[in-house]
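Data block below; observations after.
The values are calculated or read from the model by the stated rules, or taken from the named source; none is laboratory data. Because the structure is predicted, anything quoted here is derived from the model rather than measured. Here Cβ is always computed from backbone atoms with ideal geometry, including for glycine, and neighbour counts include all displayed protein chains. Just so you know, the surface numbers come from the protein's heavy atoms only, side chains and all, with ligands and any DNA or RNA stripped out. Shrake-Rupley method; radii C 1.70, N 1.55, O 1.52, S 1.80 Å.
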Amino acid sequence: MCGIYKYDGLNFIDNLYIYGLECQINLSMRKILLPLLILSALFKSQTSINVFSQIVFYDGYASNVTQPVPANTIRLANSKYAKKLTDAELNSFQNKIQMNVTIGALCDNYDRIGGVHIALVPKGQASYTMSDTQVKRFEVGRYITPFMNKNISPTEVPYSYEVNNLYSVFSNADLRNTYDIWVELDVFGVPYAANTQVAGCANRNDVFAGTLTFVTSNDATINNNFNTILPLLDSNTLNNYNNTDMAGQTVRLINFNIPQAATNPTFFIVTTPHGANNNGEEYVRRQNIVSLDNAQMMTFTPGGKSCEPYRMYNTQANGIYGPNPHSATWWTNWNNWCPGDSVPIRSFSVPSLSAGSHTVKYEVPTAVFYGQSGEIVLSMYMQSQNQNLSVKDLSTVDISIYPNPTSDYIMIKGEKKVNRVAVFSVDGRKLSETNDSKIDLTSYPPGAYLLDILLEGGSHFTHKVIRK
């Protein structure tokens, strides 16, 4: 080795020359080999769990097809497949988890919504249906397909998600003793346009192909100390509850009851607006507001980035991209998501939640659903540090509070009757109280007010309104 000279029978000059040359070679080789060894060690520590490989999706509106499915896989619908993770696969997960999805073009050339869901199925149940109330599911990734033509490369689009928080689900022994853990992959497509617009798609009903793989490794810098999972909503839709195009108040209340206090709960949210008609919700960027027990937790507006990086995947002519690149200003003026992109997974945390009833309020104040069309697709789940935390009395309530702002009256309409409404000033003074769903603000000066609303069944929340 370098640093030690050993005489081997050659004269001193020869030995010194060879010794120096060897040292140079050894040092150079070390510079090359050391990074390779490190990379090799990293790759050896990674494990890949392939769940679905090029599984074929069919027309979402048609009756379920009868084509065979891969081993250990069930077809829940033409647009959704599920596969149970084995104990060996679950045991191989480490605390760093990357979820990779690839969607391939077949005979749908439009942008569609798809996602990945985890289903907790009662232990030992060989299969299940979407209507099985014993199954608890939550969405862990959502994507929008590009406008793809199967005859033009690239014919696949990749999506990637960091889902380290799933390690606490996959490794939870108590959870696994009660449930089998299934992975669901879905994409809702239809072939009708492609039947006439894409060569080779006449009379076909296959729309996309999907692949899903988890890549997992250990990372000492990741601190994942969740112990429990509480599914709250899975692809629930908010839409035009009162059949009006009035810009009012679209509100979803998620009521849940926990039997014990929750430590450091984190709420994960996946949401996208849809509706492609003129003035449709996916073409108008609107503010979304999330509150927990009357405290505002998040305010965000979806989208707002350039979709040019995904142009390469949009190989089918469409009305969004056009023949020439658009500026970032053009994109951010209207887009809520990009065809070919992953949807962000948003989250918020609080230090604790007491045992008992709680309400998450999700609102999109200016949603219109023009032409009584469109929807907002919402998923939500919670993780905390408590062992065996469960949800009792989980329910959702949809309600509209409109018009807001108003010059005179506020209307409260929904599936639950109004029991009581109190009007407060923003500094906390109680101004009036009624059990009517029509709130008279004509005697108050212009400004902001808080409605303290109690609905039949116990839903209780506050809501800010403006008198103009």
Defining a contact as two alpha carbons under 8 Å apart and six or more residues distant in sequence, what relative contact order in percent does the chain show?
18 percent
The extension gain from residue 100 to residue 199, computed as 0.36 nm times the residue separation minus the Cα-Cα distance, is 32.7 nm
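Mind giving me the FRET efficiency for residue 215 and residue 456? R0 is 60 Å, r the Cβ-Cβ distance, nearest 0.05 is fine.
Working: r = 49 Å, r/R0 = 0.82.
For R0 = 60 Å, the calculated efficiency reads 0.75.
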Under the helix-only model (-39500 (n - 2.57) for each DSSP H run of 4 or more, divided by the residues of the chain), the mean residue ellipticity at 222 nm, to 500 deg cm²/dmol, is -4000 deg cm²/dmol
Of [x] 109, 28, 16; [y] 39, 27, 20; [z] 49, 30, 25, which is the value of semi-axes √(5λ) of the Cα gyration tensor in Å derived from the coordinates here?
[z]
Label point distance in nm, residue 420-residue 263, each placed 7 Å from Cα along Cα→Cβ
3.6 nm
Mind counting lysine pairs for me in region 348-468? Cα separation below 28 Å, and the two need to be 8 or more apart along the chain or on different chains.
28
Segment residue 300-residue 330, length gained on full extension (0.36 nm per residue, minus Cα span):
8.9 nm
I'd like the Karplus ³J(HN,Hα) series for region 264-273: coefficients 6.51, -1.76, 1.60, θ = phi - 60°, whole numbers in Hz, and an x wherever there's a Gly or Pro.
6, x, 10, 9, 9, 10, 10, 8, 8, x
Using label points projected 7 Å from each Cα along Cα→Cβ, tell me how many nm separate residue 442 and residue 153, to one decimal.
7.2 nm
If exposed chymotrypsin sites (Phe, Trp or Tyr not before Pro) are those in a DSSP loop with at most 13 other Cβ within 10 Å, what is the longest stretch of the chain that has none?
62-333
Using modelled amide H (1.01 Å from N, peptide plane; none on Pro or chain starts), what sits under 5 Å from the amide H of residue 140, excluding residues fewer than 5 places away?
116, 117, 118
Starting from the residue with the highest accessible area, list 274, 460, 326 in decreasing order, probe 1.4 Å.
460, 326, 274
If one compares the long axis through the Cα atoms of helix 12-45 with the longest principal axis of the Cα atoms of the chain, the angle in degrees, nearest 10, works out at 30 degrees
Virtual spin-label span in nm between residue 222 and residue 366, 7 Å along Cα→Cβ
3.9 nm
